[in-house]
Amino acid sequence: MTHWTQFHLARTLAEEAEKHQRIVQVGTQYMADDAYAQAHDLLQQGVIGKIVHVQAGFFRRGDWGERMEVPDPNAKPGPDLDWEQFLGDAPKVPYSVSRFFQWRLFLDYAGGPVTDLLVHTYTPLFRLLDVTWPQRVMGGGGVFQYDREVPDTFNMMIDYPEGPSVVLMNTLSNFTPCQTFLRGTEGALSFKEGGMEITRHDAEKPNHVIRWQGMGSTESLWSNFIDCVHSRQRPLSPVDVGAMVQAPLNMALLSYLENKVARFDPQKQEIIL
């Protein structure tokens, strides 16, 4: 929602939306799939017990700038290119054609996979977990293949005060996936090609299969937003959830850059290094 250095703005956005009773939908399309609501209801019933460990990832083979071509290598600031407006409140640096067209490669404007990709991986999982603010977050990785400032490989771990521990993994150098698991004391929820499967430790208790229903549908997310504007109901991907997801992602990148464990102060709602 906001730059990785500006978590306070994400928090403020959520606070203002609540204060003024505004409907704000955050663009994480997977939240539009009704399968998550069904899975959440089952998890609330304790079908896998207390959730203690979560693993997920986003894997791709290809430079993060692959869809950010430079259409005009000779482009320069002028009537059609306002460099100062582009920079906004980012650090003031000399004009660079790469920074203008391929801004996702630079830490001044983007966080790389952790904030641009793992946000889509983690937001629907966050919805299933019924957690709020993290206790501590650790991030690691590096620039191992491609020429950029932001990492091309990134791993992170989130600890919540009462559990679970969440492990999120990523590389842009290999598309071999890892399976998504929510591990509980009495069973597990796993992601399959056609949906989610819940398996139980007790063989006498039934397993469950929940089919995907419009996974990743931007149209469904927009439709839900319009419906909520009229009904004033809570949208599927609300801004307060966006802020609570952004907190650990930002913390992970700060942990990686500062080589420290990032902690969260729930009273002040601030990131501490």
Mean Cα-pair separation over length for the chain, i.e. relative contact order, pairs under 8 Å, 6 or more apart, % | 32
Based on the alpha-carbon gyration tensor of the chain and its eigenvalue square roots a ≥ b ≥ c, which shape applies: rounded if a/c is under 1.5, prolate if not and a/b is larger than b/c, or oblate?
-> prolate
Could you name the lysines whose alpha carbon sits less than 22 Å from that of K268, not counting residues in the same chain fewer than 8 places away?
-> K19, K260
Candidate lysines - alpha carbon under 17 Å from K50, same-chain residues fewer than 8 apart omitted | K205
For the peptides 53-59, 75-81, what is the packing order when you average, over each peptide's residues, the other Cβ atoms within 10 Å and list the highest mean first?
-> 53-59, 75-81
Taking the chain as a Gaussian network, Cα atoms linked when under 10 Å apart, which of W83, W212, W133 shows the biggest mean-square fluctuation?
-> W83
Peptides 225-231, 177-183, 109-115, 120-126: what's the order by average Cβ count within 10 Å, highest mean first?
-> 109-115, 120-126, 177-183, 225-231
Give me the lysines in straight-line cross-link reach of K92: C-alpha distance below 17 Å, same-chain residues under 8 apart excluded.
-> K76
Which GluC sites (Glu not before Pro) in region 27-118 pass both tests, a DSSP loop state and at most 12 other beta-carbon atoms within 10 Å?
-> E66, E69
Can you run phi through the Karplus equation (6.51, -1.76, 1.60; θ = phi - 60°) for region 4-16 and list ³J(HN,Hα) in whole Hz, with x for Gly and Pro?
-> 5, 8, 10, 4, 4, 6, 5, 4, 5, 4, 5, 5, 5
Please report, for the Cα atoms of region 203-273, the Rg to one decimal and the Dmax as a whole number; what are they, in angstrom?
-> 18.5, 49
Sort out for me the Cα centre separation of region 212-273 from region 108-132, rounded to whole Å.
-> 7
Sorted from largest down, what three extents in whole angstroms do the Cα atoms of region 124-189 have along their principal axes?
-> 43, 25, 17
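Here, each number is a calculation from the coordinates, and none is a lab measurement. Every value quoted in this text rests on a predicted model; they were computed, and no experiment measured them. All Cβ positions, even for glycine, are placed from backbone atoms using ideal geometry, and neighbour counts span all protein chains on display.
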